[in-house]
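What follows is a single structure, written as structure tokens, with notes after it.
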Amino acid sequence: MITYEAVTKVFGEGPDAVIAIDRVSFTIARGQVVIFLGPSGCGKTTLLRLTNRLDSLSRGNIYINSQNIRDLNPVKLRQSIGYVIQEVGLFPNKTIFDNIAVVPKLLGWNKEKIRKRVDELMHLTRLEPDLYRRRYPAELSGGQQQRVGVARALAADPEILLMDEPFGAIDPINREQIQNEFLNLQAKMKKTIAFVSHDIHEALKMGDKIALFNQGRLIQYDTPEVILTRPKNKFVANFVGADRALKVLGLLHVRDIMNCSPSNIVDAAQTAPEVLKMLEQKNLRYAIVLAQGKPVGYVTSQDLKYEQGLCQEVARPYPLCLEQGTSVHEALSHMLMHDLTTFCVINDQGDLVGTVTYKSIQKSLQDFFADDAEAQ
Amino acid sequence: MSTFDFIINNYRQVIYLIGEHVWIVSLALALATLIGVPLGMVITRHKALAARVINAANILMTIPSIALFGLMLPVLSLVGHGLGKVPAVTALVLYSQLPIIRNTYTAIQNVPPAVVDAGKGMGMSRWELLREVQIPISIPVILAGLRTAAVMSIGIAAIAAYIGAGGLGVLIQQGIDRVHQEMILSGALLVSVLALVVDGGMALIERLVTPRGIKIQQPRPK
């Protein structure tokens, strides 16, 4: 847990003094990822650097697990906190192994323990130890280097991680991947993380909470959902963008809004006339055809007319099926692209677990902003 | 009698003089390194001091060596060493300061800030950072400074024969006095060869001592 209490940082003195951070107070709960978000020069990086005493506080206090950092030895404090920066800053003269082993060595771990830990971390960050252990940073791609950067920060298993735009210098495709891997990792590790970003998309994706700064002040500190649906003022609304409804969809997952017991399910073994009859009885436009629980396609009454065989013979296959963790944003995109208003949701085995319709997306969004209307 | 014949006929003296020359230069270089490298590192922490120290070293470099020997004569006479090896070594130490300090300073200064920041952020002390990161990264450039200093010192040491320091300059000096062309040439030739050999040797050391990760990072200049 990190607590900021009226934290103020002034650079320079006298008339040239610049207030970089102005009486900022908030708490990062244990195991949460909090994104420090804001335009450049808003003080987010400075606040991060105050946390491990790379910069010194002007006024106010920072507590780590209710211990005032002013009372701690800065070197020991930093050894107990993981630190990842955008430029990675790997030591070019050291192998990947030695880079990851820096903090354990500073802490005086024995060789065997270090070796085991480094291997473990390399597996964790998807770097094959036997392949990369003896390589040097210059031999790795940007994405791989930052994996090493993350592994290095995690080496001594610190409870807290400070990350300064860690994925900012990585190309978009690899960034997406490394973000996802990091989220998976965090789901297991449950570290307390302060994460600086200037990218609202990254903030919405990575953050349990977002601390939005402007000109050294904390403007809003809330969950991504609240930031999007209830921006505190014009600055926040502008910062999150006019497409915030679409961004909310990015926060929702298909599993949150899917219909788990759709009524328009038929089995592949049923004949066309049977299915047609059912559609007419229930007044449905189409039915989803399942074979052994797996969706094979859909049929409309048009398709079934004059057909005598099994319904699966005329079923039109779905271009794709959604996974439960897919974002609603992506689901909507598929609907627009394939001109379909329904998609099947499947589990890891490929079995149908529910459906998502255009209507259900619309409704979930309305619910979101309706909450908002009531609250105001 | 050709120059080579002269060298072969006087091989005992030649070997002695080479030894003396190498001794003066090595001693001076060792002392200069002990002073210059730490000084170059210290001034990276004090920017205002850095400009002054480098300026001072620059000015030293502009003094012609004969003039410097002359300037030191009254000073070192106070301790009874106005002539001989002491002023020679002192002068070489002074001249070597510029390449050594400047290269050390520049090398440490040019360690990427992100690397230093990461090191500090992980809880390395100043000394640990210097030892584990800044010095290894700077080694090639620091050694390049020593190499310049060494080659330069071999040349200047030849002049130190005029203040009785010995070394290969003796051949040149006495050759001039006696109008003995082969003697002059053999002195000049040996000093040149010594400079080339030392330059090559230092280049080799530079390559051997540079950490592999740094070599990969910056392909060796052709």
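Per residue of chain A, what 222 nm ellipticity follows from adding -39500 (n - 2.57) for every DSSP H run with n ≥ 4, rounded to the nearest 500?
My calculation for chain A gives -11000 deg cm²/dmol from helical runs alone.
Simple spin-label model, 7 Å along Cα-to-Cβ: B:Tyr162 to A:Ser261 in nm?
Simple spin-label model gives 10.8 nm for this pair.
Taking springs between alpha-carbon atoms closer than 10 angstrom, which of A:Leu212, A:Leu290, A:Leu47 fluctuates most in the Gaussian network model of chain A?
Fluctuation is largest for A:Leu290.
For each pair in A:Lys111/A:Lys209; A:Lys205/B:Lys120; A:Lys44/B:Lys47, compute the distance between the two Cα atoms and list the pairs where it is over 32 Å.
Over 32 Å Cα-Cα: A:Lys111/A:Lys209.
Classify region A:255-364 as rounded, prolate or oblate from the Cα gyration tensor: take a ≥ b ≥ c as the square roots of its eigenvalues, call it rounded if a/c is under 1.5, otherwise prolate when a/b beats b/c and oblate if not.
It is prolate, given that a/c is not under 1.5 and a/b is the larger ratio.
Which whole number gives the average count of other chain Cβ atoms within 10 Å of the Cβ atoms across peptide A:152-158?
Partner-chain Cβ atoms within 10 Å, mean over residues of A:152-158: 1.
Taking R0 as 30 Å, what FRET efficiency do you get between A:Glu13 and B:Ala56 from their Cβ-Cβ distance, rounded to the nearest 0.05?
According to the calculation, E is roughly 0.45.
Run lengths n ≥ 4 of DSSP H only: what is the helix-derived mean residue ellipticity at 222 nm for chain B, with -39500 (n - 2.57) per run over all residues, to the nearest 500?
Taken over chain B, the calculation gives -26500 deg cm²/dmol.
How tilted is helix B:47-62 with respect to the longest principal axis of chain B? Cα atoms for both, answer in degrees (0 to 90, nearest 10).
So the inclination is approximately 10 degrees.
Once you average over the residues of B:122-131, how many Cβ atoms of partner chains fall within 10 Å of each Cβ?
Shielding by partners across B:122-131 averages 5.
Amide H neighbours of B:Gly167 under 5 Å, at least 5 residues apart or on other chains, H built in the peptide plane: list them.
Under 5 Å from the amide H of B:Gly167: B:His21.
Could you identify which residue out of B:Thr33, B:Thr90, B:Thr62 has the top mean-square fluctuation in a GNM of chain B using Cα springs shorter than 10 Å?
B:Thr62
For A:Lys363, which aspartates and glutamates qualify as cross-link partners when the Cα separation must be under 15 Å and same-chain residues fewer than eight apart are set aside?
The qualifying aspartates and glutamates are A:Asp256, A:Asp371, A:Asp372.
Using a/c under 1.5 as the rounded threshold, could you call the protein assembly as shown rounded, prolate or oblate? The axes a ≥ b ≥ c are square roots of the C-alpha gyration tensor eigenvalues, and prolate needs a/b larger than b/c, oblate otherwise.
prolate
Between A:Arg285 and A:Gln308, what FRET efficiency comes out of the Förster formula 1/(1 + (r/R0)^6) with R0 = 30 Å and r the beta carbon distance, rounded to 0.05?
0.90
Springs between alpha-carbon pairs under 10 angstrom, Gaussian network model over chain B: which of B:Ile176, B:Ile163, B:Ile137 fluctuates most?
Sorting by GNM fluctuation, first place goes to B:Ile176.
Could you tell me the center-to-center distance, by alpha carbons, between region A:1-38 and region A:174-227 in angstrom?
16
Whole-Hz Karplus ³J(HN,Hα) for region A:222-227, in order, using 6.51 cos²θ - 1.76 cosθ + 1.60 and θ = phi - 60°, x for Gly and Pro?
Rounded to whole hertz, the list is 7, 6, x, 4, 5, 4.
Which of the lysines could a cross-linker bridge to A:Lys277, judged by Cα under 22 Å and excluding same-chain residues fewer than eight apart?
Qualifying lysines at Cα under 22 Å: A:Lys305.
Where a Cα-Cα gap under 19 Å defines reach, which aspartates and glutamates qualify for A:Lys282, not counting those fewer than 8 residues away within the same chain?
Qualifying aspartates and glutamates at Cα under 19 Å: A:Asp267, A:Glu274, A:Asp303.
Just report the Cα centroid separation between region A:113-138 and region B:1-68, whole Å.
Region A:113-138 and region B:1-68 have Cα centres separated by 46 Å.
Which whole-Hz ³J(HN,Hα) couplings does region A:25-32 yield from phi under the Karplus relation 6.51 cos²θ - 1.76 cosθ + 1.60, θ = phi - 60°, glycine and proline marked x?
Using θ = phi - 60°, the values come out as 10, 5, 10, 9, 6, 4, x, 9 Hz.
Going by the alpha-carbon gyration tensor, a ≥ b ≥ c the square roots of its eigenvalues, is region B:70-222 rounded (a/c under 1.5) or, if a/c is not under 1.5, prolate (a/b greater than b/c) versus oblate?
Since a/c reaches 1.5 but b/c is at least a/b, the shape of region B:70-222 is classed as oblate.
So which trypsin sites (Lys or Arg not before Pro) in region B:27-77 are both in a DSSP loop and have at most 12 other Cβ atoms within 10 Å of their Cβ?
B:Arg45
Using unit Cβ charges (K, R positive; D, E negative) and no other charged atoms, how large, in debye to the nearest 20, is the dipole of region A:1-104 about its Cα centre?
240
Need one value for B:207-215: mean number of C-beta atoms belonging to other chains within 10 Å of its residues' C-beta atoms.
Across the residues of B:207-215, the mean count of other-chain Cβ atoms within 10 Å is 4.
Values quoted throughout were computed directly from the atomic coordinates according to the rules given, and no laboratory measurement underlies them. Computed from a prediction, not measured in an experiment: that's the story for all the values here. Cβ atoms come from the backbone with ideal geometry, glycine included; neighbour counts cover every protein chain shown.
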